[in-house]
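Report on one structure; see the data block that follows.
The values are calculated or read from the model by the stated rules, or taken from the named source; none is laboratory data. These numbers were taken from a predicted model, which means no experiment stands behind them. Counting neighbours? That spans all protein chains shown, and the Cβs are built from the backbone with ideal geometry, glycine included. To get the accessible areas, we keep the full protein, side chains included, count just its heavy atoms, and leave off ligands, DNA and RNA. Shrake-Rupley method; radii C 1.70, N 1.55, O 1.52, S 1.80 Å.
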Amino acid sequence: NDRSTTTTTSTSNDDDNDDDDDGSLSLIHDDPTSTSTTTMMMDHQIKLLLAISFAIAFINFGFMPSFLSYSTIPYGEIYFYLATNLSNLFLPCAIFLSIWSYSVSTRQIVSETSAALLLSLYILLVGIRSPCPPFKEQRPLLGGSLIVLSWILTSCLFTRVRLLIATK
């Protein structure tokens, strides 16, 4: 008997928290005259995520592929081969690791995008200095390894950020 009373009491308390003044169950207020700061923040957040998605698509599919040969071939053809194949090989790993990232903040998306953009900037600078990229004369193994690692991380981070934006 006491058990049913507590169950009824907890149910009625839950219903009291969700009801509006008119007695209808509503979680969202549909008052067209009120502009809430939460709605404005969500609007800015959506615009930011769309801008990031556009920038990533432009950089990853339109801009960066043209720098692949300029940034890797000065170190040797093997580094071109490794950057091309390993970056595509690690994409499923990036996708698989992104499966468990359901609750991701916008700050984390922006920071991962910034890391990918910094790596893209390194690839761009190596491609611009193409006949004589950094570490070609002193340590060609280090320079080639850095550029291959940059290509792998850039493609994986761009893919991860696109997935995080899609699931947000």
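Probing with 1.4 Å while keeping every protein chain in the model, the per residue accessible area of the stretch 64-144 equals 62 Å². Take the alpha carbon gyration tensor of the stretch 126-168, find the square roots of its eigenvalues, order them as a ≥ b ≥ c, and report rounded if a/c is under 1.5; if not, report prolate when a/b exceeds b/c, else oblate. It is prolate, given that a/c is not under 1.5 and a/b is the larger ratio.
The packing ranking, built from the mean of other Cβ atoms within 10 Å per residue, places the peptides 41-49, 116-124 in the order 116-124, 41-49, highest first.
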